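Worksheet: the structure to be examined is printed underneath.
The values are calculated or read from the model by the stated rules, or taken from the named source; none is laboratory data. Remember, it's a predicted structure, so these values are computed and weren't measured experimentally. Cβ placement follows ideal geometry from the backbone for every residue including glycine, while neighbour counts extend to all protein chains displayed.
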Amino acid sequence: MKILLANPRGFCAGVRMAIDVVDQAVDVFSEQPVFVYHEIVHNKHVVGRFRDKGVVFVESLEEVPEGGTVVFSAHGVSPALRAGAEKRRLNTIDATCPLVTKVHSEAVRYAKQGYQILLVGHRNHQEVIGTAGEAPEAIQVVESPEDIPRLTILDPNKLVYLTQTTLSTDDAAVIIRALKKAFPNIKEPPGSDICYATTNRQHAVRQLAPECDLVLVVGSKNSSNSVRLTEIAANVGTRGVLLDDAGEIDWSWFTGAEMTVLVTAGASAPEDLVAGVCREILGRFGGEIELRDVVEEDVEFNLPIGLRRAMTERGMDPEAKRLRVTSPVITQEMYGATPLTVSARKRGER
Ligand code: SF4
């Protein structure tokens, strides 16, 4: 068995920051429970580990007692939700990824300029709900080209499109092409709204999957960018399956030891789960791991200012426990007694 381990994979800068925020909020506000509005990131293990530390996840602010501390998840929230939190005098900490905030700002700006905004994304995804809430009267969500005839367009010359940050770049290209065909004067956002982490993880799969028999994506079913990685694999002709952890491995996916399997992970999946999957496969079939670097990443986001201030006031160093953005490190310890060969290849090398 040969496992190709895609790099980049797993945690992005936004997820690291959001996890840091909850981790540190638990210490800073240790005298009371910390509430998180929605799953902090879409990964059941990350959420479960925080639940074990006493963090309470809620889907309604009504569940947070007045004056309580609530963290907004990495996916962002609408202004109406922020106003609701203020009304209830909640202590809010905003763990929205800055790249999601950037799309919110674009929505506000274009709506102020009188544009109708076509938001390409998944209607029920938390991020899209939050972004659409910035200018509900100006924004219509487009999930597929089939939605285009149903749109209500007041002036085809005063239109702009924005996108969810975690879309498949392949699918987004199809929808954007259809929008441009229907509305030739539609304005583009200043830069791609699909974030660097989504783009890079998809690029790695697109590049590596063709030489593999199977692609395993470690991530949760409600993680948009994880699901998209399985679709990208399928787009280049290799079966992609999503699994939360090694316990979900289905051995019928494998035809024997003479396979090459690409292992990657969505932006919210912890590295120890990736290692667990590799360990399980190698434990059964034997073989080796080859690390493939496709794109290097060095993006990092600061903790929100309010949390930094609260930490400093309590004599805590906001930088002390930060999860630094580095490529995931593969160590023999993560793989237990399983013998493995790890070889790193430079970008583009074969
Ligand atoms: S996937 Fe992209 S937009 Fe989402 S948290 Fe990560 S960096 Fe931010």
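The condition of being part of a helix (DSSP H, G or I), under 15 Å from Leu214 (Cα atoms) and more than 16 Å from the ligand (Cβ to nearest atom) does not hold for Val263.
Would you say Val56 is within 16 Å of the ligand (Cβ to nearest atom) and either under 27 Å from Thr163 (Cβ atoms) or not assigned by TED's automatic domain parsing to the domain that holds Trp253 (or both)? So Val56 fails the test.
With the structure loaded, tell me whether Gln116 is out of contact with any Leu (no Cβ under 9 Å at 6 or more places or on another chain) and away from the ligand (no atom under 16 Å from the Cβ) or whether it fails that test.
no
Residues that are in a loop (DSSP other than H, G, I, E, B) and of a type in the set (Lys, Arg) occur in region 215-227; there is at least one. When Ser268 is tested against (1) farther than 20 Å from Phe50 by Cα; (2) in contact (Cβ under 8 Å) with a residue 60 or more places away in the chain, only condition (1) is not met.
Residue check: Leu119 meets all listed conditions (1) surrounded by 21 or more Cβ atoms within 10 Å (Cβ to Cβ); (2) farther than 27 Å from Leu229 by Cβ but one, namely (2).
Each row is one residue, and each column tells you yes or no for (1) within 19 Å of the chain's Cα centre (by Cα); (2) modelled with pLDDT of 95 or more.
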residue: Asn185; (1), (2): no, yes
residue: Gly191; (1), (2): yes, no
residue: Thr198; (1), (2): yes, yes
residue: Gln202; (1), (2): yes, yes
residue: Val217; (1), (2): yes, yes
residue: Ser223; (1), (2): yes, yes
residue: Glu231; (1), (2): yes, yes
residue: Val236; (1), (2): no, yes
residue: Trp251; (1), (2): no, yes
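Quick grid of which residues meet (1) acidic (Asp, Glu); (2) surrounded by fewer than 15 Cβ atoms within 10 Å (Cβ to Cβ); (3) in a helix (DSSP H, G or I):
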{"site": "Leu154", "(1), (2), (3)": "no, yes, no"}
{"site": "Leu167", "(1), (2), (3)": "no, no, no"}
{"site": "Ala173", "(1), (2), (3)": "no, yes, yes"}
{"site": "Lys180", "(1), (2), (3)": "no, yes, yes"}
{"site": "Asn185", "(1), (2), (3)": "no, yes, no"}
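Within region 201-249, the set of residues being more than 16 Å from the ligand (Cβ to nearest atom), small (Gly, Ala, Ser) and under 11 Å from Leu262 (Cα atoms) comprises Ala209, Ala233, Gly240.
Can you find a residue in region 124-141 that is of a type outside the set (S, T, N, Q) and part of a strand (DSSP E or B)? Taking every residue of region 124-141 in turn, at least one turns out to be of a type outside the set (S, T, N, Q) and part of a strand (DSSP E or B). When each of Thr92, Thr165, Thr152 is tested for being within 16 Å of the ligand (Cβ to nearest atom) and hydroxyl-bearing (Ser, Thr, Tyr), the lone residue that passes is Thr165. Say whether the condition of being surrounded by 21 or more Cβ atoms within 10 Å (Cβ to Cβ), at pLDDT 95 or above and within 16 Å of the ligand (Cβ to nearest atom) is met by at least one residue in region 77-86. Yes, region 77-86 contains a residue that is surrounded by 21 or more Cβ atoms within 10 Å (Cβ to Cβ), at pLDDT 95 or above and within 16 Å of the ligand (Cβ to nearest atom).
Condition first: of a type in the set (Asp, Glu) and over 21 Å from Ile194 (Cβ atoms). Can you find one or more residues in region 118-140 that meet it?
yes
Pairing each residue of region 5-33 that is in contact (Cβ under 8 Å) with a residue 40 or more places away in the chain and within 16 Å of the ligand (Cβ to nearest atom) with any residue that is among the basic types (Lys, Arg) and part of a helix (DSSP H, G or I), provided the two are 6+ apart or on different chains, yields C-beta distances under 7 Å for Pro8/Arg201; Arg9/Arg201.
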